[in-house]
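For reference, the structure is listed below as structure tokens.
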Amino acid sequence: MHHPVRSGTPSRERGALGWTRPWSDDAGGACGEVKKLADGRVAVRRSTDPEGPALVFTPYEMTRFLTGVKAGDADFLL
């Protein structure tokens, strides 16, 4: 039986291996970690809480997010 991967599920359910830190904070560990899942989706978690929840995005959602960030759409958050 196939169980869908849901956002907010514990990161440990995505496995311990394969997480990377493309973003990091030089001030003390506020890093985001990502993992590309077998079905192409991307899981995102906080490195300071590896057992905490992972947000899971489709390839389309991640592409739109990164495109928007690069275009400055999230600059208001800074």
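Legend: ranking of residues 61, 51 from fewest to most surrounding C-beta atoms inside 10 Å; resulting order 51, 61. Rounded to two decimals, the Cα radius of gyration of region 9-77 over 2.2 N^0.38 Å is 1.15. Near the amide H of residue 9, within less than 5 Å, lie the amide hydrogens of 54, all on another chain or at least 5 residues away, with H placed in the peptide plane.
We did not get these values from a lab; they are worked out from the coordinates using the rules stated. Given the structure is predicted, the values throughout are model-derived calculations rather than measurements. Every residue, glycine among them, receives a Cβ derived from its backbone with ideal geometry; neighbour counts consider all protein chains shown.
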